[in-house]
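Here the structure is laid out as C-alpha cells; the discussion comes afterwards.
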C-alpha cells in the first residue's frame, strides 16, 4: 500500500501531456489503474491489489531531452509534447531524476560559449539534437550521451572538460551521431569521450553494465518489486531450466540464476545479448547462457533436442508477443509461464490465445511502474492445464 503523498503539480502538465493522470491524487491514480487492469484481465482471474510507490516522484533513471530553437532564436531544451514533435521547454520534470535534469540544463547553458547550436531537422544545420542521461540509483554512476545531428563536434575536448568541471559526478560521456531523418533517438555510430562508455547498476544482488543503447527498466525502486513478484510467481526449483524470452541485457534471468539449474536467455537484439553475456561474467554466473535468436523458434529447437524449458519468463515490448511466438510457446509446453507486460491491452489479447490453447491464468499482480501516467505494469502467472 502506498503511503499518502503531498501532491505536486507540474506547471507544464497541460502543454506536455506526459503526465496524463496529474489531475488525480496518487490514491485516485492507483484506484484508476486497478480498475483498468480488472476491466481488461479480471475475466481470467482475480486481480491482486496494485503495488504503488511511497514517493512517486523523480523515479526515472533515464532522462532524454530534445534541443531546438524558438522562432525568436532562443535555444531551448525539453520534452516532446505528447503525440507531436513540438518541444516543450522545461528545466525540471517531476518524474525525472533531479540530477539528470540539472546536468542537461548545464549542457544547454554551455552551448553558446562554444558557439554550438541546436540541430534543425528541416535545414540539417546545427549540432545538438538530444541529450540522454542514465543514472544508477544504487551505484550513483552517471552516463551522459550527447546526440549530434552531424559528426563535426568542434572543441569537443574543451566541452567535455567544461561539463566535468560543473558536474564531476559524471562517470562517462558518449558522443552519438544521428544524422538520419528519423524519430529514433540514437544513431548507429558513437564515440566515447570520457570514461568507459558504460555505467554499472545494482539490482537484487546482481550488477549490470548498461550502455547507451541498453534497455533497462526506468523505475529502479518498482523494478525490484516487479522482478521479486515475477520470481515468486515462477516458483523456481533447483532442478528447473528457465527460459528468459525477450531477455534484453539479462536482468531477470541473471537474478533468477541462483534458484535454478540453468538459465537460457534469448533476444533478437545482438548488442543486448553481448551485454547479457558480459553481465553474466561480471556476476560470476556460470549457469546462464544467452543467444541472439528468435525466442519462439529457439524454444521449439530445444524441445526437439530434448531440452525443453520448465519455466518461461516473457517480457515483450508494448505491442505484445507475436502470434508466431505464442504458437511456439504452446508447442514447447513449459509447465509455467510468467508474462510481464507494460501494456495490459495487448497482454489480454495474448492471454486469450494461451487460454484457448491449454493454459490457465493462476495469478495477476499490477505494479505501478509509471506514476502520474496512464501506464501500468502487470505480472501474470499461467500454468499448463493437465490433460
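The values are calculated or read from the model by the stated rules, or taken from the named source; none is laboratory data. This structure is a prediction, so every number in the text was calculated from the model and none was measured. So basically every Cβ, Gly included, is an ideal-geometry build from the backbone, and we count neighbours across all protein chains shown.
Data for the structure
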item	result
Matching entry among 123, 150 (being over 25 Å from the mean Cα position of the chain (by Cα), at pLDDT below 95, surrounded by 12 or more Cβ atoms within 10 Å (Cβ to Cβ) and assigned to a loop (DSSP other than H, G, I, E, B))	150
Residue tally, condition at pLDDT 95 or above and part of a loop (DSSP other than H, G, I, E, B), over the stretch 376-387	1
For residue 106: the one exception among (1) in contact with a helix residue (DSSP H, G or I) (Cβ under 6 Å, 6 or more places away or on another chain); (2) buried (at least 21 other Cβ atoms within 10 Å of the Cβ); (3) modelled with pLDDT of 95 or more; (4) not in a loop (DSSP other than H, G, I, E, B)	(2)
Flag if residue 113 is over 25 Å from the mean Cα position of the chain (by Cα), surrounded by fewer than 21 Cβ atoms within 10 Å (Cβ to Cβ) and farther than 15 Å from residue 66 by Cα	yes
Qualifying positions in the stretch 85-96 - without any contact (Cβ under 8 Å) to a residue 40 or more places away in the chain and in contact with a strand residue (DSSP E or B) (Cβ under 6 Å, 6 or more places away or on another chain)	87, 89, 96
Set 236, 243, 231: member being in contact with a strand residue (DSSP E or B) (Cβ under 9 Å, 6 or more places away or on another chain) and in a strand (DSSP E or B)	243
Residues satisfying the stated conditions in the stretch 189-218, i.e. touching a residue at least 60 places away in the same chain (Cβ under 8 Å), touching a strand residue (DSSP E or B) at 6+ places or on another chain (Cβ under 7 Å) and in a loop (DSSP other than H, G, I, E, B)	212, 216, 218
Meets criteria (touching a residue at least 24 places away in the same chain (Cβ under 8 Å) and out of contact with any strand residue (DSSP E or B) (no Cβ under 8 Å at 6 or more places or on another chain)) for residue 82	yes
Condition met for residue 369 (in a loop (DSSP other than H, G, I, E, B) and touching a residue at least 40 places away in the same chain (Cβ under 8 Å))	yes
Residue check for residue 157: loosely packed, with under 12 Cβ neighbours inside 10 Å, at pLDDT below 95 and more than 26 Å from residue 98 (Cβ to Cβ)	no
Residues satisfying the stated conditions in the stretch 251-282, i.e. part of a loop (DSSP other than H, G, I, E, B) and either modelled with pLDDT of 95 or more or not assigned by TED's automatic domain parsing to the domain that holds residue 338 (or both)	260, 261
Check on residue 71, touching a strand residue (DSSP E or B) at 6+ places or on another chain (Cβ under 9 Å) and free of Cβ contacts under 8 Å to residues at least 12 places away in the same chain	no
Of residues in the stretch 314-324 being touching a helix residue (DSSP H, G or I) at 6+ places or on another chain (Cβ under 6 Å) and surrounded by 20 or more Cβ atoms within 10 Å (Cβ to Cβ), the one nearest to residue 337 (Cα to Cα)	321
Which numbered condition residue 34 misses (of (1) within 23 Å of the chain's Cα centre (by Cα); (2) closer than 30 Å to residue 148 by Cβ)	(2)
